[in-house]
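S.K.: Mind looking over this structure? Questions follow.
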Amino acid sequence: MTLLFLTGDGMRGGRLHDRLGGAPLVAVTRTVPAYRMYAVDDRFPALERVGAGGVAVRGELYDVPLATVGGALLPAEPAELELGAVELAEGAWALATVLRREHRGTARLDVIDRFADWRAYRADQPGAAT
């Protein structure tokens with residue numbers, strides 16, 4: 001099994017959650033405060049590790065078979081994301097989808113560090129359900 005940290009549509013209630021194949025939720029947790037969080041073209045979140053000024057990003061940690069990650073989840077992820085590793089607040093590391101460096105100049109990246117949580121960011125957008 002593989003620990004997978006999710007921050008967007010793979011989380012509970014998200015449109016990609018079913019691609020986890022029933023993998024168990026291990027924890028709702030945060031990263032260490034070393035990441036920048038972006039809304040990519042206002043469609044999905046992306047993380048990027050930074051040397052200074054990072055935030056602790058909230059997400060869900062799952063125990064997922066590696067075959068599920070590679071065969072079901074990654075093919076559904078946007079091209080701007082790739083598989084990487086993130087450091088969690090508890091000191092452990094987990095796989096996560098992170099921003100591909102080559103897409104820094106090709107996509108609109110809005111820094112959403114003040115939310116550090118995709119759901120909180122989405123709830124704050126005009127027209128969001130209350």
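Readers should treat all values here as calculations from the given coordinates under stated rules, not as data from a laboratory. Predicted model only: the values in this text are computed from it and were never measured. All Cβ positions, even for glycine, are placed from backbone atoms using ideal geometry, and neighbour counts span all protein chains on display.
S.K.: So what J values fall out for segment 27-35 if you push phi through Karplus, 6.51 cos²θ - 1.76 cosθ + 1.60 with θ = phi - 60°, rounded to Hz, Gly and Pro as x?
M.R.: Whole-Hz 3J(HN,Hα) from phi for segment 27-35: 6, 9, 8, 9, 7, 5, x, 9, 10.
S.K.: On full extension of the chain, what length is gained from Glu102 through Val50, given 0.36 nm per residue of separation minus the C-alpha to C-alpha distance?
M.R.: Working it through step by step, the gained length comes to 17.1 nm.
S.K.: What is the distance, in nm, between label points placed 7 Å from the Cα along the Cα-to-Cβ direction at Ala79 and at Arg43?
M.R.: 0.9
S.K.: Once Lys and Arg get +1 and Asp and Glu get -1 on their Cβ, which of Ala23, Val40, Ala89 lies farthest toward the positive end of the dipole of segment 2-123?
M.R.: Val40
S.K.: Another question about this same structure. Computed from these coordinates, which is Cα Rg over 2.2 N^0.38 Å: (1) 1.32; (2) 1.06; (3) 0.98?
M.R.: (3)
S.K.: Please list the non-local residues whose amide H lies under 5 Å from the amide H of Thr2, H modeled 1.01 Å from N, same-chain partners needing a gap of 5 or more.
M.R.: Close amide H contacts, sequence-distant or interchain: Val64, Leu66.
S.K.: Relative to the present Cα-Cα distance, how much length would full extension add between Asp110 and Val28 at 0.36 nm per residue of separation?
M.R.: Net length gain for the segment: 27.1 nm.
S.K.: Can you run phi through the Karplus equation (6.51, -1.76, 1.60; θ = phi - 60°) for segment 58-65 and list ³J(HN,Hα) in whole Hz, with x for Gly and Pro?
M.R.: 3J(HN,Hα) across segment 58-65, in whole Hz: 8, x, 10, 9, 10, 9, 10, x.
S.K.: Let me ask you something else. What's the magnitude of the charge dipole for the chain around its Cα centre, counting Lys and Arg as +1 and Asp and Glu as -1 at the beta-carbon? Answer in Debye, nearest 20.
M.R.: 140
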